[in-house]
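*Asks:* Here it is, the structure, as C-alpha cells.
The values are calculated or read from the model by the stated rules, or taken from the named source; none is laboratory data. Please read all numbers here as calculations on a predicted model, not as lab measurements. Reconstructed Cβ throughout: ideal geometry from the backbone, glycine too, with neighbour counts over all protein chains shown.
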Amino acid sequence: MSVFEHGFPFDPAYGRTLDQLLTLPAPAAPPDFDAFWQERYEAARRVATAPAVGPQEEERDGFRIFGVSFTSVGGLRLGGWLVLPGDGPAEHGFVIGHGYGGRQDTGDAVPLPLPRSAAILPCVRGLGARSRRPGIPGEADLHVLHGIGSRDTYVIGDCVADLWCAASALLELVPELARDPEPGEGGEAGTPGGRLGYVGGSLGGGLGALALPWDRRFACGQLTVPTFGDHPLRLALPGVGSGEAVRKYYRDHPEVLDVLPYFDAATAASRIRVPVLVAPALFDPAVPPPGQFAVYNALTGPRELHVLRAGHFEHAGGEQETKELAAERRSFFAERLSA
C-alpha cells in the first residue's frame, strides 16, 4: 500500500521496497555504446561555442546573474544564465541541468552549492525560456519523442551535447576553471580532471548520467530523481511524465527498442568513474523509482545515496527533504571540488 494518498490509477511506488529497489541492475549496453557516445562527445568538443554574456540581470545570495548564449552542435544557438561570484575569482564551477518543465529563470539553483563559484544554467534545445527553437517541440511529451526514430537524430543525444557545449562555454568565460587534463592524466575517461561539478534533476539527472562518463572536465556530479534509467523496465511501468509518452509510442513502434538502449541512463552510469551523489525517490508518478535506483545501482565509482520519500509529488515534509538534500549536496561538493 502506498505511503501517500493519491489519485493516480497506478501505484507510484510500483510495489517495491527500498531493499528491492537497491537490487535492480542496469540493462546491458549495445556493443558500440561507448564508441557511439565517445564520437558524439568529440564532436561537441569541436564546436566553437562563442559564448556571449548579456547585461547583469540580478544580484542575490552573493552571486551576480547574467543572461548568456552559446552555440551547440548543429550550429544551434542556445540560451541560459551565467552565475558569477559577487566579488573575487571563481574557485569552483557548475553546469546545472533542468527538468522537463524547462527553465524559466534561475529559480532555486541560486545560491549555488558552494560559495565563490561560477555556473552556467543552460536551457537545452527546445525547452525553457531561452532555447525554444522552431522545429523542436517545447512540450515534454512531444520533445521526448523528437527524432526518436534513429539514434543519430534523437533529440536526447543533442541535449546531452548541449550540456557539454555549456561546459565549454563556461570554461571559456571563466578561464580560471579551465583545467583540461592532458592525455593520459587522471586515468580512463570519466576520472576527475578539473573543478567542474554537475547538478541535475529529473530530465537533467538523466542527461547528466549520459554526459558524465565521457567528459573528464567534470570532477563529480549530483543527480536527483534521474530519468531514462532502465528503459526496458520503464516501458512496462505506467506513469504521468515523458516516460509515458515513450511507453505509448513503443506500443505502435516496437522498433524503438533499437534506439532506446543508446540513451539508457543506467547503462551510462555504469561507465561513470567520478564521485556521484544520487537522490532517487521511493514514490514518483512521473519518473518510476525502479529506473531512478537502477542509475544509482549501476555506478561503479565512488557513490553516495540520499533517498527521498517522493519525487514529482507535493507532500508533507517535502520542503524539509529539499533542505536536507541541499545540505548534503553542499557537503558532497565541498569535499570533492578543489580550489
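*Asks:* Which condition does Val256 not pass, out of (1) closer than 16 Å to Leu21 by Cα; (2) part of a helix (DSSP H, G or I); (3) β-branched (Val, Ile, Thr), if it passes all the others?
*Replies:* Single failed check for Val256: (1).
*Asks:* Give Ala316, Ala294 a once-over and let me know the one that is aliphatic (A, V, I, L, M) and touching a residue at least 40 places away in the same chain (Cβ under 8 Å).
*Replies:* The conditions single out Ala294.
*Asks:* Then there is this: List the pairs whose first member sits in the stretch 12-27 and is in contact (Cβ under 8 Å) with a residue 12 or more places away in the chain and over 22 Å from Leu260 (Cβ atoms), whose second member is part of a loop (DSSP other than H, G, I, E, B) and small (Gly, Ala, Ser), and whose Cβ atoms are under 6 Å apart, counting only residues at least 6 apart or on separate chains?
*Replies:* If the second residue must be part of a loop (DSSP other than H, G, I, E, B) and small (Gly, Ala, Ser), the pairs left are Ala13/Ser2.
*Asks:* I've got another one for you. For Gly128, which of the numbered conditions (1) within 18 Å of the chain's Cα centre (by Cα); (2) of a type outside the set (Ser, Thr, Tyr); (3) at pLDDT 95 or above; (4) over 25 Å from Ser270 (Cα atoms) fails to hold?
*Replies:* Just one mismatch for Gly128, condition (3).
*Asks:* Here's something else I'd like to know. Enumerate the pairs (first residue in the stretch 272-286 and within 15 Å of Thr322 (Cα to Cα) and without any contact (Cβ under 8 Å) to a residue 40 or more places away in the chain; second residue anywhere and buried (at least 24 other Cβ atoms within 10 Å of the Cβ) and acidic (Asp, Glu)) with beta-carbon separation below 9 Å, excluding pairs fewer than 6 apart on the same chain, so at least 6 apart or on different chains.
*Replies:* Within 9 Å, no pair qualifies.
*Asks:* Which count do you get for residues in the stretch 10-24 that are over 13 Å from Pro280 (Cβ atoms) and either aromatic (Phe, Trp, Tyr) or touching a Cys at 6+ places or on another chain (Cβ under 7 Å) (or both)?
*Replies:* Residues in the stretch 10-24 being over 13 Å from Pro280 (Cβ atoms) and either aromatic (Phe, Trp, Tyr) or touching a Cys at 6+ places or on another chain (Cβ under 7 Å) (or both): 1 in total.
*Asks:* Give the residues of the stretch 70-100 that are surrounded by fewer than 18 Cβ atoms within 10 Å (Cβ to Cβ) and over 22 Å from Pro137 (Cα atoms), sorted by residue number.
*Replies:* Gly86, Asp87, Gly88, Pro89, Glu91, listed by residue number.
*Asks:* Looking at the stretch 250-266 only, could you name the residues that are in contact with a helix residue (DSSP H, G or I) (Cβ under 9 Å, 6 or more places away or on another chain) and either of a type outside the set (Phe, Trp, Tyr) or free of Cβ contacts under 8 Å to residues at least 60 places away in the same chain (or both)?
*Replies:* If the condition is that a residue be in contact with a helix residue (DSSP H, G or I) (Cβ under 9 Å, 6 or more places away or on another chain) and either of a type outside the set (Phe, Trp, Tyr) or free of Cβ contacts under 8 Å to residues at least 60 places away in the same chain (or both), then Tyr250, Val256, Leu257, Leu260, Pro261, Asp264, Ala265, Ala266 are the ones that fit.
*Asks:* Can you find, within the stretch 273-309, the residue that is nearest to Pro9 (Cα to Cα) among those that are in contact with a helix residue (DSSP H, G or I) (Cβ under 7 Å, 6 or more places away or on another chain) and in a strand (DSSP E or B)?
*Replies:* Ala281
*Asks:* Would you tally the residues in the stretch 53-75 being touching a helix residue (DSSP H, G or I) at 6+ places or on another chain (Cβ under 9 Å) and either without any contact (Cβ under 8 Å) to a residue 60 or more places away in the chain or not hydrophobic (A, V, I, L, M, F, W, C) (or both)?
*Replies:* Number of matching residues: 4.
*Asks:* Restricting the stretch 157-179 to residues that are farther than 30 Å from His146 by Cα and in contact with a Gly (Cβ under 7 Å, 6 or more places away or on another chain), which is modelled with the lowest pLDDT?
*Replies:* My answer is Arg179.
*Asks:* Going through the stretch 229-254 one residue at a time, which ones are among the acidic types (Asp, Glu) and closer than 18 Å to Phe33 by Cβ?
*Replies:* Asp230
*Asks:* What do you reckon, is Val47 in contact with a helix residue (DSSP H, G or I) (Cβ under 8 Å, 6 or more places away or on another chain), in a loop (DSSP other than H, G, I, E, B), closer than 27 Å to Val110 by Cβ and touching a residue at least 60 places away in the same chain (Cβ under 8 Å)?
*Replies:* Against the criterion (in contact with a helix residue (DSSP H, G or I) (Cβ under 8 Å, 6 or more places away or on another chain), in a loop (DSSP other than H, G, I, E, B), closer than 27 Å to Val110 by Cβ and touching a residue at least 60 places away in the same chain (Cβ under 8 Å)), Val47 qualifies.
*Asks:* Has the stretch 32-48 got at least one residue that is in contact with a strand residue (DSSP E or B) (Cβ under 8 Å, 6 or more places away or on another chain) and either basic (Lys, Arg) or modelled with pLDDT of 95 or more (or both)?
*Replies:* Checked against the condition, which is being in contact with a strand residue (DSSP E or B) (Cβ under 8 Å, 6 or more places away or on another chain) and either basic (Lys, Arg) or modelled with pLDDT of 95 or more (or both), the stretch 32-48 yields at least one hit.
*Asks:* Step by step: first the residues of the stretch 212-253, then only those that are surrounded by fewer than 24 Cβ atoms within 10 Å (Cβ to Cβ) and of a type in the set (Ser, Thr, Tyr), then the one that is nearest to Val144 (Cα to Cα). Which residue is that?
*Replies:* Across the stretch 212-253, the extreme among qualifying residues is Tyr249.
*Asks:* Now, a different point. Ala245 versus (1) in a helix (DSSP H, G or I); (2) touching a strand residue (DSSP E or B) at 6+ places or on another chain (Cβ under 8 Å): which is the lone unmet condition?
*Replies:* All conditions pass for Ala245, except number (2).
*Asks:* Of all residues in the stretch 3-44, how many are of a type in the set (Gly, Ala, Ser) and loosely packed, with under 15 Cβ neighbours inside 10 Å?
*Replies:* 5
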